[in-house]
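Trainee: Shown below is the structure under consideration.
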Amino acid sequence: MSLGSDVTARKSARPWLGRRLPLVFLLFGVGLFALVLSRLDLTAILSHLRRAGWMLLPAFLAFIGNLSCSAAAWYQTLEPTTRPSFPKLFAIFWAGMAINGVTPGGAAGEVLKGSLVADQAGKDEALTSLVVYNYLTAMSVLAFTALGPLPALIWLDLPGRVLAGLFGVAACFGVVLLGLRLLLRKGLAGRALSLVARLPFVRIDNIEQKRKRAEQVDARVWEYRRRRPGAFRRMILFALLVRVCMTLELYFFLLALMPERSALWLAAFALLAQSASQLIGWIGVLVPGRVGVMESGVAGVFALLGLDPTVGMSAALLRRVRKLTAIGIGLLIGTALGAKRGRAQRDA
C-alpha cells in the first residue's frame, strides 16, 4: 500500500471511529458493571433493592427539587425582560438534562437548551446565560465536593487515606477550575474562537465579526455579578441547594439500606458518598449516562471505606432507576417542545 493510500484510509477511518466511540465507551461501562456484579452477592443486592424500593418516591421528589433549583439558578442568569416563564424554562431544562443523560460529554443537551431559549431571549443572551450558569455551577460543585468529606472527619470513623484521597482529587479539580476562571476573565470565548480558527481543517466565515461577538459574551459574563448582585446571590444559593437535594436523594436510599445507622451518621455519610459520586461522574464523563461506571464506582467506594459493597451497588442501582425514569419523562418533554417549536416556525 502506498503512503498516499494509507493516509487516505486513515482519514476515512476517523469518522467511522468518531461515530462509534460512544458505543465503545458504553460497552466498557457495561463490561465493568458485569465484572463487578459477578464478584458481589447478587442475592444480597436483590434483597436490598426489595427493601429499599419504596424509597424511590421520596427520592424522586428530591430529584424534582434538584431540577427546580437548577432551573431557578439558570433563570437568575437570564435578563428579566427577555427570559421565558419559569415553567417553560423548567421544561426546557428537564429536556436538556434528558438529552445529556443519553449522550456522552453533556454537550447535546446544552445545545438544545440554548436553541429553545434563544427563540425568545436571543442567541447572545441564551449563550451568555448558559456560560454563566455552567461556570458558577461548576464552582459550586467543586466547593461541595471538596467540603463533603469534612463531616466524615467529625462523625464517621473512616480510613484517613480515603479522605485524603478525596481531598487530593478535589484540589486537583480546584486547580483546573481556577485556570478556567483566569482564562474566562481574560476572554475565554474570544481566545477559544481564535485558537479554533487557526486549525488547518476548520474554516470560519466572518471570523472578525464572530470574534467580536465572542468578546462581547466574555464581557457580559463578568458584568453579571456587578450589574445584578441580587440575582447573582440567588443563583449561587440555588446552585448549592441543588447539591443538597442530590445528597437528600442519596440519604433516602441509605436510610432504607442501612437502618442500623443513626440519622446523623447517614447524613454525614451521604455528603461523603455524594462527593465521591461526583468524582466518579467526572471520571466516567465519556461513557454515555455513566452506565456501569457509576454503579461499579460507588460499590468500590463502599468497599474502600470498609462497608458492604452490595449496599453501595444497590443504592447506585436505585439511583439509576430514578434517573432512567427522569430521562424518559424529559425526552417526552423535549419531543413535545420540539414539535411545538416546529409548528411555530411553520406558521411564521
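Bear in mind these aren't lab numbers, they're just calculated from the coordinates by the rules spelled out. Here the structure is a predicted model, which is why all the values come from computation and not from measurement.
Trainee: Give, in nm to one decimal, the length gained when the segment between Arg343 and Ala34 is fully stretched (0.36 nm per residue of separation minus the Cα-Cα distance). List each step's numbers first, then the result.
Mentor: Values: separation 309, 0.36 × 309 = 111.24 nm, distance 4.47 nm.
Between Arg343 and Ala34, full extension yields 106.8 nm more.
Trainee: So what's the projected area for the stretch 257-334, the Cα convex hull averaged over all directions, in nm²?
Mentor: On the way: hull surface 23.2 nm².
In nm², the orientation-averaged hull projection of the stretch 257-334 is 5.8.
Trainee: I've got another one for you. Can you give the percent of C-alpha pairs in the stretch 21-89 whose distance is more than 13 Å? Don't jump to the answer; show the numbers that get you there.
Mentor: On the way: 1808 of 2346 pairs.
Everything past 13 Å amounts to 77 percent.
Trainee: Evaluate the stretch 219-261: find the radius of gyration of its Cα atoms, find its Kirkwood radius, and give the ratio Rg to Rh. Mind showing how you got there, number by number?
Mentor: Values: Rg = 17.2 Å, Rh = 12.7 Å.
Radius of gyration over Kirkwood radius for the stretch 219-261 works out to 1.36.
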